[in-house]
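To keep things clear, I will list the structure first and then write my remarks on it.
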Amino acid sequence: MKHTASAKKSSSASGTSTRRKATAAAKFAVCVRNKGYEASLERNKIYAVLPDDDAERDGDLRVVDESGEDYLYPAAWFAQVQLPRRVKTSLLRSA
């Protein structure tokens, strides 16, 4: 899979408002296929999806996988999901 390092996160004087924005904008997807990448992806698990317009145009998603790093995987391997804010916040804290 293609890989590039994540961009540096910028800090803000107002951590609370930044957290709310990050939580509201966060996207997630459920893995529905992992053939050949069983160590990197678990089927039926929710993964964070990072924005990458170029990847999406090519039919890929940038996903933070089991290694904790972001990689490109075929978008067809995932079903994007809308989650309640409380669940998003919990998932982002555990990352």
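The values are calculated or read from the model by the stated rules, or taken from the named source; none is laboratory data. Because the structure is predicted, anything quoted here is derived from the model rather than measured. Positions of Cβ are backbone-derived with ideal geometry, glycine not excepted, and every protein chain shown enters the neighbour counts. When the accessible area is computed, the model is the full protein with side chains, heavy atoms only, and any ligands, DNA or RNA have been set aside. Shrake-Rupley method; radii C 1.70, N 1.55, O 1.52, S 1.80 Å.
Counting Lys +1, Arg +1, Asp -1, Glu -1, what net charge surrounds Arg43 among other residues with beta carbon under 15 Å of its beta carbon? So the environment of Arg43 carries a net charge of -1. Remark: region 40-82 carries 57 Å² of accessible area per residue (probe radius 1.4 Å; ligands, DNA and RNA excluded). Averaging 1/r over each pair of different alpha-carbon atoms in region 34-86 and inverting the result gives 11.7 Å, the Kirkwood hydrodynamic radius. Ligands, DNA and RNA left out, the 1.4 Å accessible surface of region 31-86 is 45% carbon and sulfur atoms. Rounded to whole numbers, the Karplus 3J(HN,Hα) couplings from phi for region 60-68 are 10, 10, 8, 10, 7, 8, 4, 6, x Hz, using 6.51 cos²θ - 1.76 cosθ + 1.60 with θ = phi - 60°, and x at Gly and Pro. Using the Cβ of Val32 as centre and a radius below 13 Å, the other residues enclosed give a net charge of +3, where K and R count +1 and D and E count -1.
The stretch between Val81 and Glu69, if pulled fully straight at 0.36 nm per residue, gains 2.3 nm over its current Cα-Cα span. Fully extending the segment from Asp52 to Leu92, taken as 0.36 nm per residue of separation minus the present Cα-Cα distance, adds 12.6 nm.
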